[in-house]
Amino acid sequence: MSAQALFGRLVKEVADQLAGYGFERDKMIFRRASPEGDVLIIEFQASDCSSRVEKVFYVNVALVLAPKWERDRLRYRLPESARPREMHGLWRRRIGFSGFSGGDQWRVTDEASAAEVSALIRRRLDETLPVLLPALDRDVLWGDPPDFLSSAGWMARGWVLAERGPSEELEALLFSEPTTGEFSSVARKAIWEWATNRGSRDREGSR
């Protein structure tokens, strides 16, 4: 069996596992959505290092919040039918050999390596999904965002607050409380503009 065929079988095994967690498959992307439209994504990404005899890939995971996705979709003029991908995540990581990693590559060359990699990926998913899935609960995000979000926790809470329009609570979160992250200033501006625009739309709709 070719490396590509072995990889396809591996993805099918993971798909069966993720179906048990409520994920829907879209080729190499798996999504589970909350009633509010937030989405947890698991995505297989092929590497350019792949060859005819070796399949090299990553397993990406992302959390996409509905208000940020709506803003991104409109900003980039994507159709309403478009669905979020890993790149649209507020928070993004990779499933590696020992949990979340910066770039562990998975490699499949033969039956033995495919079986070993498949078992390890599925074990990692069983370990991490119970940690990730609570982020699809808005009550969790309204309170203290999960620890795994780390420095992105304030952004998650900000986007959720922004759905209600501008408020003193949101303004304090964005501009009074300390925030961290390479893109914190950009994120603060985007969240506040979205909240302001949301408030304007709601007022116009009530006339």
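The values are calculated or read from the model by the stated rules, or taken from the named source; none is laboratory data. Note that the structure is a prediction, hence the values are computed from the model and not measured. Counting neighbours? That spans all protein chains shown, and the Cβs are built from the backbone with ideal geometry, glycine included. Quick note on the areas: whole protein, heavy atoms, side chains included, nothing else; ligands and nucleic acids left out. Shrake-Rupley method; radii C 1.70, N 1.55, O 1.52, S 1.80 Å.
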Probe 1.4 Å, all protein chains in place: accessible area of MET1 in Å², nearest 10?
140
Considering only lysines 8 or more places apart in sequence, or on different chains, count the pairs in the chain whose C-alpha atoms sit under 22 Å apart.
4
Extension gain from SER2 to LYS189, taking 0.36 nm per residue of separation minus the Cα-Cα distance
62.4 nm
Calculate for the chain the 222 nm mean residue ellipticity that helices alone would give, adding -39,500 (n - 2.57) per DSSP H run of length 4 or more and normalising by residue count, nearest 500 deg cm²/dmol.
-14500 deg cm²/dmol
Accessible surface, the chain, averaged per residue in Å² (probe 1.4 Å):
53
Net dipole in debye of the chain [+1 Lys, Arg Cβ; -1 Asp, Glu Cβ; about Cα centre; nearest 20]
660
Relative contact order of the stretch 32-147 (C-alpha contacts under 8 Å, at least 6 apart) in percent is 23
Taking Cα atoms, the helix 153-162 axis meets the longest principal axis of the chain at an angle in degrees (rounded to 10) of 50
If R₀ is 35 angstrom, what is the calculated FRET efficiency for the pair LEU120 and GLU163, using the beta carbon separation as r and rounding to 0.05?
0.35
Gyration tensor (alpha-carbon) shape descriptor, the stretch 1-73, a/c threshold 1.5:
oblate
Cβ-defined net charge surrounding GLU86, 9 Å radius [Lys, Arg +1; Asp, Glu -1]:
+1
Relative to the longest principal axis of the chain, what angle (0 to 90°, nearest 10) does the C-alpha long axis of helix 111-132 take?
20
Return the carbon/sulfur percentage of the accessible area of the stretch 16-125, one whole number, probe 1.4 Å, all protein chains in place.
46
Debye calculation, C-alpha points only, no solvent: report log10 I(q)/I(0) for the chain at q = 0.07, 0.12, 0.14, 0.15 Å⁻¹, in the same order as the q values.
-0.25, -0.67, -0.86, -0.96
About the Cα centre, and with charges only on the beta carbon of Lys, Arg (+1) and Asp, Glu (-1), how big is the dipole of the stretch 7-76? Nearest 20 debye, please.
160
Before anything else, pin down the relative contact order of the chain: Cα pairs under 8 Å, at least 6 apart, normalised by residue count, whole percent.
16
For the stretch 65-118, the dipole about the Cα centre with charges only on Cβ (Lys and Arg +1, Asp and Glu -1), to the nearest 20 debye, works out at 560
Just to verify a number: FRET efficiency for ASP48 and ALA19, C-beta to C-beta distance, R0 = 25 Å, to 0.05?
0.25
